[in-house]
Amino acid sequence: MDTDKIIENCKKLLIAYQEWKLWYMKMPEDINPWFSHNEKELCLCYFTLPMALNYQRNSYTLRESVLKTYLDLDTKDIFDIEKSSEMREDKLRRKLLKYKIALQPNKHIQTWQRIAKTVDNNWWTLWGLFEAVDYDFLKLRETIQYKYKSWFPYLSWPKIFNYRSFIIQTYWNIKLKNSEFIDIAPDTHVTKCSVKLWVITSEEANILTKDQISQKWREILSWTWIISIDMHSPLWFRSRNDFIFELK
């Protein structure tokens, strides 16, 4: 399929997404308590920290656990960077395991606290981190994926980092500078839909890295008004709903 046809289909998918025509369209992150404008730090922690434990898990189940943990006064304080960084490990373990945000009683607790301590020691808050990089995606990427890579386990991985940046813009209601450089995050659903659209072949789906698939998307959309990450949700929902929506 030629590039023009692929771009045409992308535009159709974007319109279908905007018009709620891709069937079930609830994102895992829609499971949240809805934060007010004066709860920006809580919002950042709520959407950021659990992502570090979301490896090969059902995102909907995880987000249900996150909401239960947030609504419970006994466990809500784990969404406070300072408190999480200073909390005794056994106490943090109990809170993270209570509603199964954490499934691994050692690694997941250490990951959560490592990130909290890194933020607390360097910027005090996640809000402080964003202010330090001037709300610039490229500076944020340099900080998390390179300068402090080992201190942000899993969150520094390109796929999850790009997806997190997309989620922060969507649910934090802020526009990051240089957001056009946020690459598409090719999980299983995005990859399947990429094959359906002929962005990659079925053979390439098995051999290309996530970064290479992201680069394919960037190349195809480079001469359009479409930003790569804006395709994430349309692709994801179309695949997750078993391609019920047909491109004609």
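In the set Tyr24, Tyr17, only one residue is part of a helix (DSSP H, G or I) and over 16 Å from Ile220 (Cα atoms); that residue is Tyr17. Quick one: which of Tyr55, Tyr46 is within 20 Å of Asn162 (Cα to Cα), surrounded by fewer than 16 Cβ atoms within 10 Å (Cβ to Cβ), out of contact with any His (no Cβ under 6 Å at 6 or more places or on another chain) and not assigned by TED's automatic domain parsing to the domain that holds His232? Testing whether each residue is within 20 Å of Asn162 (Cα to Cα), surrounded by fewer than 16 Cβ atoms within 10 Å (Cβ to Cβ), out of contact with any His (no Cβ under 6 Å at 6 or more places or on another chain) and not assigned by TED's automatic domain parsing to the domain that holds His232 leaves just Tyr55.
All conditions but one from (1) in a helix (DSSP H, G or I); (2) surrounded by fewer than 20 Cβ atoms within 10 Å (Cβ to Cβ); (3) hydrophobic (A, V, I, L, M, F, W, C) apply to Trp223; the one that does not is (1). Per the listing Phe161, Phe243, the residue uniquely closer than 30 Å to Ser85 by Cβ and either assigned by TED's automatic domain parsing to the domain that holds Thr111 or out of contact with any Lys or Arg (no Cβ under 6 Å at 6 or more places or on another chain) (or both) is Phe161.
Yes/no matrix, rows are residues, columns are (1) in a helix (DSSP H, G or I); (2) assigned by TED's automatic domain parsing to the domain that holds Thr61; (3) surrounded by fewer than 18 Cβ atoms within 10 Å (Cβ to Cβ); (4) in contact with a helix residue (DSSP H, G or I) (Cβ under 6 Å, 6 or more places away or on another chain):
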residue	(1), (2), (3), (4)
Arg93	yes, yes, no, yes
Lys100	no, yes, yes, yes
Gln104	no, yes, yes, no
Thr111	yes, yes, no, yes
Trp124	no, yes, yes, no
Phe130	yes, yes, no, no
Ser150	yes, yes, yes, no
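The values are calculated or read from the model by the stated rules, or taken from the named source; none is laboratory data. Fair warning: this is a prediction, and the values are worked out from it, not measured in the lab. All Cβ positions, glycine included, derive from the backbone under ideal geometry; neighbour counts span all protein chains shown.
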